[in-house]
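A.B. asks: The structure under discussion is supplied below as structure tokens; questions concerning it will follow.
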Amino acid sequence: MADDIRLDKYLWAVRVFKTRSDAADAIRNNKVTVNDAYAKPSREVRIGDRISVRKQRITYTYKVLDLVSSRQPAKNVPLYCLDITPAEELAKLDAPRETIFVFRDRGTGRPTKKERRELDELMDEIYLDDEDEA
């Protein structure tokens, strides 16, 4: 075991992110907090730290149980990291996604570029409203 582990390396090792660069990017974009404070990828992780990771609409919360520097098999992750994500956050996974179905007459083909832009703007409004509420 190592004495000090970088935050990006730890999140990669316990399989929160697929690559270390994904972890570093998320940390730089303020999607990760340690003990409710934003951090840098090089921040050292300590046993007992609470790490919150925002992925899409859900904020996962983990407690550091032990330090590890090499990527672990999924069955070993509970030895190093405890998932303490609140049930309300996990319930967001089950929420039905709003979909928009635009009725088109048979034989009219694909949407034109103008119609596509209008659909994209409508979808952006819906998803931006969902993020504002969260």
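A.B. asks: When residues of region 41-61 are filtered for being surrounded by 12 or more Cβ atoms within 10 Å (Cβ to Cβ) and over 30 Å from Ile126 (Cα atoms), how many remain?
C.D. replies: 7
A.B. asks: So, of the residues in region 16-32 that are more than 13 Å from Gln56 (Cα to Cα) and charged (D, E, K, R), which turns out to be surrounded by the most Cβ atoms within 10 Å (Cβ to Cβ)?
C.D. replies: Arg20
A.B. asks: I would also like to ask the following. On the basis of being within 17 Å of the chain's Cα centre (by Cα) and either at pLDDT 95 or above or not hydrophobic (A, V, I, L, M, F, W, C) (or both), does Lys31 make the cut?
C.D. replies: yes
A.B. asks: Kindly provide the set of residues from region 72-97 that are exposed (fewer than 12 other Cβ atoms within 10 Å of the Cβ) and not hydrophobic (A, V, I, L, M, F, W, C), ordered by number.
C.D. replies: Pro73, Lys75, Pro86, Glu88, Asp94, Pro96, Arg97, listed by residue number.
A.B. asks: Of everything in region 103-134 that's of a type in the set (Asp, Glu) and over 30 Å from Lys92 (Cβ atoms), which residue is modelled with the highest pLDDT? Outline the logic, then answer.
C.D. replies: Our first condition is that a residue be of a type in the set (Asp, Glu); within region 103-134, this holds for 105, 115, 118, 120-121, 124-125, 129-133.
Now narrow it down to the ones that are over 30 Å from Lys92 (Cβ atoms): 105, 115.
On the way: Asp105: 75, Glu115: 85.
The qualifying residue modelled with the highest pLDDT is Glu115.
A.B. asks: Among the residues of region 66-80, count how many are out of contact with any Lys or Arg (no Cβ under 7 Å at 6 or more places or on another chain) and not in a loop (DSSP other than H, G, I, E, B).
C.D. replies: Count: 5.
A.B. asks: Filtering region 24-65 down to residues that are part of a loop (DSSP other than H, G, I, E, B) and among the polar types (S, T, N, Q), which residue is farthest from Tyr10 (Cα to Cα)?
C.D. replies: Gln56
A.B. asks: Working carefully through the options Arg50, Arg15, find the one that is under 15 Å from the mean Cα position of the chain (by Cα), among the charged types (D, E, K, R) and closer than 24 Å to Glu89 by Cβ.
C.D. replies: The conditions single out Arg15.
The values are calculated or read from the model by the stated rules, or taken from the named source; none is laboratory data. All of these numbers come straight from a predicted model, not from anything done at the bench. In this analysis, Cβ positions are derived from the backbone assuming ideal geometry, glycine residues included, and neighbour counts consider all displayed protein chains.
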